[in-house]
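Taking it in order: structure first as structure tokens, then the write-up.
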Amino acid sequence: MQDVTNDDLDAMATAGARVLGLSIAPEWRPAILANLRVSLTLGLLVAEFELPDEAEPAMVFCI
Amino acid sequence: MTLAAWAMASDIVANVAAGRTSALAVTQTALGAIARNNPALNAFTDVVADRALARASALDASIMAGTAPGPLAGVPFAVKNLFDVAGLPTRAGSLINRDHPPASADATLIRRLETAGAVLVGALNMGEYAYDFTGENVHDGPSRNPHDLSRMTGGSSGGSGGAVAGGLVPLALGSDTNGSIRVPASFCGLFGLKPTYGRLSRAGTFPFVASLDHLGPLARSVADLALAYDAMQGFDPADPVCQDRPISPTFAEIGRGIGGLRVAVAGGYFRRGASPEALAAVRACAEALGAGEDVDVPEAARARAAAFVITTTEGAALHLDRLRTRPADFDPAVRDRLIAGALVPAPLVVRAHKFRRWYAERLADLFGSVDVLLAPATPFSAPLIGQQTFMLDGAEVPLRPNIGIFTQPISFAGLPVVAVPICLPGKLPIGVQVIAAPWREDVALRAAAELERAGVAACRRPSLED
């Protein structure tokens, strides 16, 4: 994520919000981009963990 | 006789059952405590006094007519305002949901507690849509910590923590997606139970993250937790996650002691970032329970990251229509996180769910050699309301995302936990998580009861007006 610039995130937020029908007021944008950076950083931390192709998602979690 | 508002649920039951007091008198005492102290604590958002008084009178009449009193006879309780209460809109801490029509029926767990003889007295403040660890709310004002009104209750079940610790009611229900029962239990100095994922019905409550949402009680003693938990157990087809398992009563088990239980302390991740108070609290519990060597919880940091991703994306999916139509009516801190969550690519979410299964299996393996695991509930005791940062290893870091670092990796695996309150001399209370294997709430409650019996875990009475 370190080489992902704020301009990259801004473009992602603009496009994503347009696709999803969300409005982002200018004053909300800095906090949304900061949160997006945290979410993506943590998501990539999880995604880099190696699991076998056969790993089952726990979409309906049951112990 | 008149019982004090600080009376435990178990004392209330014993006195109501013996005819020494009435459910009506106990309810009137609770309503009086709410009238006196809620203006300072801001724990209640709704008080259903007429309903409570009518219910208590009917209960007394039933007992007078010879009906056996239930296991919670006459116990006043309140619920986080994401529980459906017949006649009230289920606001879930939000402005938007206040426009909903009033709920037509009570949530399953309210019905079960009232069937056992408890008396609902109201609904409680919470962080908006449960996306919160502070107990603050921009619409209703912050819940305030009874031990220091300038401090957070913790959240998102903030009113639940404040109401029980402040002596307004002996029992409250909360929800816990990433720590929202255990965090207020820690900051307010209470016992709190987050049962195994799928144990208690969530029917009739406003959701947050279906994959992670749990419900449970907060109380001032382990016995009270067990009484409430036992009354709420049981399959409910109205919640598709609720498992059809035998009811496993715990109240009669909690006095058994810990003979034969293997106790360990979670090391590594669960020591980093913890304040000296948090570590001292864990150490006190470990000594009292004769804990052995530290054990490593594998990939706990990644588990916390995965819980974060699932939370923000599932929360975004839940609220997508409201984010489209009424974004300005959200708490800005909630809205900004949810919009960011809506933008996270799907592969990262699916990988988080795949990781969850791997992680839960590793933790199940860990419980092959350990019965009870101890870990801090929060890295520190209650911060000031509005506080944004704290000092960690000499660096100033954001406070809010770090409040749940020790609770998230445990609920992510769905494990049952009792948060126990530790009062170190001259310090604010702080909680320790007593964690057990899946479906072994009885083991966690036994260990918590041993800590209570040994005088290590206890609820301190705050200095509020009597």
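The values are calculated or read from the model by the stated rules, or taken from the named source; none is laboratory data. If you're wondering where the values come from, they're calculated on a predicted model, not measured in any experiment. Quick reminder, even Gly has a Cβ in these numbers, built from the backbone with ideal geometry, and neighbours come from all protein chains shown.
Data table
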quantity	calculated
Residue match in the stretch B:398-417 (condition: surrounded by fewer than 23 Cβ atoms within 10 Å (Cβ to Cβ), at pLDDT 95 or above and away from every other protein chain (no Cβ under 14 Å))	no
Scan of the stretch A:24-45 for residues that are surrounded by 14 or more Cβ atoms within 10 Å (Cβ to Cβ) and more than 12 Å from the chain's Cα centre (by Cα), ordered by number	A:I24, A:W28, A:R29, A:A31
Members of the stretch B:328-339 found to be among the acidic types (D, E) and more than 8 Å from chain A (Cβ to nearest Cβ), listed by number	B:D329, B:D331
Residue, nearest to B:A300 (Cα to Cα), within the stretch A:24-56, restricted to residues that are assigned to a loop (DSSP other than H, G, I, E, B) and either touching a Phe, Trp or Tyr at 6+ places or on another chain (Cβ under 9 Å) or in contact (Cβ under 8 Å) with a residue 40 or more places away in the chain (or both)	A:F49
Count of the stretch B:340-395 residues which are of a type in the set (V, I, T) and within 7 Å of chain A (Cβ to nearest Cβ)	2
Residue match in the stretch A:32-49 (condition: touching a Lys or Arg at 6+ places or on another chain (Cβ under 8 Å) and either more than 8 Å from chain B (Cβ to nearest Cβ) or among the basic types (K, R) (or both))	no
Among the candidates B:D99, B:D140, B:D148, residue that is of a type in the set (D, E), free of Cβ contacts under 8 Å to residues at least 40 places away in the same chain and surrounded by fewer than 24 Cβ atoms within 10 Å (Cβ to Cβ)	B:D99
Residue in the stretch B:203-213 that is within 22 Å of B:P89 (Cα to Cα) and either free of Cβ contacts under 8 Å to residues at least 12 places away in the same chain or in contact with a Pro (Cβ under 8 Å, 6 or more places away or on another chain) (or both) present	yes
Selected residue (criterion: nearest to the chain's Cα centre (by Cα)) from residues of the stretch B:380-396 that are hydrophobic (A, V, I, L, M, F, W, C) and modelled with pLDDT under 90	B:F390
Boolean, B:L464 is under 21 Å from B:F187 (Cβ atoms), in contact with a helix residue (DSSP H, G or I) (Cβ under 9 Å, 6 or more places away or on another chain), modelled with pLDDT under 95 and assigned to a loop (DSSP other than H, G, I, E, B)	yes
Residue in the stretch B:47-64 that is part of a loop (DSSP other than H, G, I, E, B) and farther than 19 Å from B:G122 by Cβ present	no
Conditions (1) touching a residue at least 24 places away in the same chain (Cβ under 8 Å); (2) at the interface with chain B (Cβ under 9 Å from one of its Cβ atoms); (3) surrounded by fewer than 16 Cβ atoms within 10 Å (Cβ to Cβ); (4) of a type outside the set (S, T, N, Q): number failed by A:G21	(1)
The listed residue being farther than 27 Å from B:R151 by Cβ and surrounded by 24 or more Cβ atoms within 10 Å (Cβ to Cβ), out of B:A9, B:A56	B:A56
The stretch A:5-18: number of residues that are assigned to a loop (DSSP other than H, G, I, E, B) and either under 12 Å from the mean Cα position of the chain (by Cα) or at the interface with another protein chain (Cβ under 8 Å from one of its Cβ atoms) (or both)	0
Selection within the stretch B:418-442 - surrounded by 24 or more Cβ atoms within 10 Å (Cβ to Cβ) and closer than 30 Å to B:G234 by Cβ	B:V418, B:A419, B:V420, B:P421, B:G431, B:V432, B:Q433, B:V434, B:I435, B:A436, B:E441
